[in-house]
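Presented below is the structure to which this report refers.
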Amino acid sequence: MTYAEVIGDPISHSKSPIIHGFWLKALGIAGEYRATHVTPEGLGDYFAARRADPDWLGCNITIPHKETALAFVEDRGGVKASIGAINLAFHSDGALVGTNTDAAGFYAPISGLGAGGAARAILFALSRIGVGRITLLNRNPLKGAALLASFGLKGDAVKLEAPLPPAGLLVNATSLGMAGQPPLDLDLSPLPEDAVVYDIVYAPLETGLLKAARARDLDTVDGLEMLIGQAALAFELLFGTEPPRDRDDELRALLTA
Ligand code: NAP
């Protein structure tokens, strides 16, 4: 039976098998989507073995392989020079092609605004939609400044403790607020009333940041929207058909059960 999978180290927390499994079942496709533990030392052997397996359709790639996996794929879309990280390898015309569906997955929920990994995909998406100035808060402002420059974005790189600017969109692209990580403590009072607060962390779904935003009656976007968005593009590339996005409510209920 043909199959695809998600690889990472660790990997047991991944929700991708639930999402793709839901869509495979909904569409009656006889295929499988698994989670496979692959260590950094084992990455080369993993790709060598899978390339020889005719049933393997490709894989999603998560922490810590998003940058190193670039060495094992064809980079037809110039992802190395743009985002610098891939989250999907799939077969196309006999080649194993690497791409990144995180940028579009992040962008889809806020497309109406006109306006280390995930942060790079997000900065790439923001650079493509022509947002104005960006304030990048990072524990190392020099790293933040280099990131802004590498995506051609204008703005300021400041320390994580700096007060927020009156921004229209606030994104948490760090792992802070995730289960087992310290919380992200930000004073949201400088944000205007029509600001949107977007947290890409999805475990837990209701992060402290989103709670604080809702307490101020700000619009919010949670991490599941990006997770499902990037998975939908990956599904189409792996299984050759669009997933049933009209069943997102059911999928969200399954993921949060
Ligand atoms: P990553 O490559 O390990 O990057 C972690 C980021 O968090 C880095 O920017 C790091 O800052 C920052 N960070 C970690 N610990 C910190 C601390 N104690 N204080 C300040 N900053 C800290 O991970 P990633 O792949 O970007 O993922 C980040 C989060 O996004 C995770 O929760 C992941 O599950 C989530 N994610 C969600 C989606 C989705 O579809 N919703 C997709 C991808 C990722 P430095 O730059 O200073 O190292």
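The values are calculated or read from the model by the stated rules, or taken from the named source; none is laboratory data. Computed from a predicted model, the values in this text were never measured in an experiment. Note: ideal-geometry Cβ built from the backbone for every residue, glycine included; neighbour counts use all protein chains shown. These accessible areas exclude ligands, DNA and RNA; they are computed on the full protein's heavy atoms, side chains included. Shrake-Rupley method; radii C 1.70, N 1.55, O 1.52, S 1.80 Å.
Going through the range 72-105 one residue at a time, which ones are within 24 Å of Ala149 (Cα to Cα) and assigned to a helix (DSSP H, G or I)?
Of everything in the range 72-105, those that are within 24 Å of Ala149 (Cα to Cα) and assigned to a helix (DSSP H, G or I) turn out to be Asp102, Ala103, Ala104, Gly105.
Among the residues in the range 176-185, are any outside any loop (DSSP other than H, G, I, E, B), surrounded by 18 or more Cβ atoms within 10 Å (Cβ to Cβ) and at negative phi?
no
For Ala26, state whether it is at pLDDT below 95 and out of contact with any strand residue (DSSP E or B) (no Cβ under 9 Å at 6 or more places or on another chain).
No, not satisfied.
List every residue pair whose Cβ atoms lie under 7 Å apart, where the two residues are 6 or more positions apart in sequence or sit on different chains, the first residue falls within the range 130-147 and is more than 13 Å from Ala162 (Cβ to Cβ), and the second residue, located anywhere, is of a type in the set (A, V, I, L, M) and open to solvent by 40 Å² or more (accessible area, probe 1.4 Å).
Matching pairs, first to second residue: Val131/Ala115.
Quickly run through the range 206-257 and pick out the residues that are polar (S, T, N, Q) and part of a helix (DSSP H, G or I).
Gln230, Thr256, listed by residue number.
Residue check: is Pro40 within 15 Å of the ligand (Cβ to nearest atom) and loosely packed, with under 14 Cβ neighbours inside 10 Å?
yes
Is there a residue being open to solvent by 60 Å² or more (accessible area, probe 1.4 Å) and over 21 Å from Ala104 (Cα atoms) anywhere in the range 125-140?
Yes; the residues of the range 125-140 include at least one that is open to solvent by 60 Å² or more (accessible area, probe 1.4 Å) and over 21 Å from Ala104 (Cα atoms).
Taking the conditions exactly as written (modelled with pLDDT of 95 or more and either within 22 Å of Leu251 (Cβ to Cβ) or touching a helix residue (DSSP H, G or I) at 6+ places or on another chain (Cβ under 9 Å) (or both)), does Ala89 satisfy them or not?
Judged against the criteria, Ala89 is a match.
How many residues does the range 120-146 hold that are more than 13 Å from the ligand (Cβ to nearest atom), charged (D, E, K, R) and part of a helix (DSSP H, G or I)? Reasoning before the result, please.
Initial filter on the range 120-146 (more than 13 Å from the ligand (Cβ to nearest atom)): 126-135.
Filter once more, so that each one left must be charged (D, E, K, R): 128, 133.
If we keep only those that are part of a helix (DSSP H, G or I) as well, we get 128.
Residues that pass the stated criteria total 1.
Go through (1) open to solvent by 70 Å² or more (accessible area, probe 1.4 Å); (2) under 29 Å from Ile11 (Cα atoms); (3) away from the ligand (no atom under 12 Å from the Cβ) and name the single condition Leu210 misses.
(1)
From Gly117, Gly94, Gly105, which residue is modelled with pLDDT under 95 and at negative phi?
The match here is Gly105.
Here are some residues: Gly152, Gly180. Which one is closer than 25 Å to Gly105 by Cα and within 16 Å of the ligand (Cβ to nearest atom)? Before you say what the answer is, go through the steps one by one.
Values: Gly152 fails: within 16 Å of the ligand (Cβ to nearest atom).
After applying the criteria, what remains is Gly180.
Would you call Arg34 more than 18 Å from Pro243 (Cβ to Cβ) and under 20 Å from the mean Cα position of the chain (by Cα)?
In short, no.
Which one is nearest to the ligand (Cβ to nearest atom), of the residues in the range 56-92 that are within 25 Å of Ser12 (Cβ to Cβ) and open to solvent by 60 Å² or more (accessible area, probe 1.4 Å)?
The qualifying residue nearest to the ligand (Cβ to nearest atom) is Ile63.
Only one of (1) under 16 Å from the mean Cα position of the chain (by Cα); (2) away from the ligand (no atom under 12 Å from the Cβ) fails for Leu205. Which number is that?
(2)
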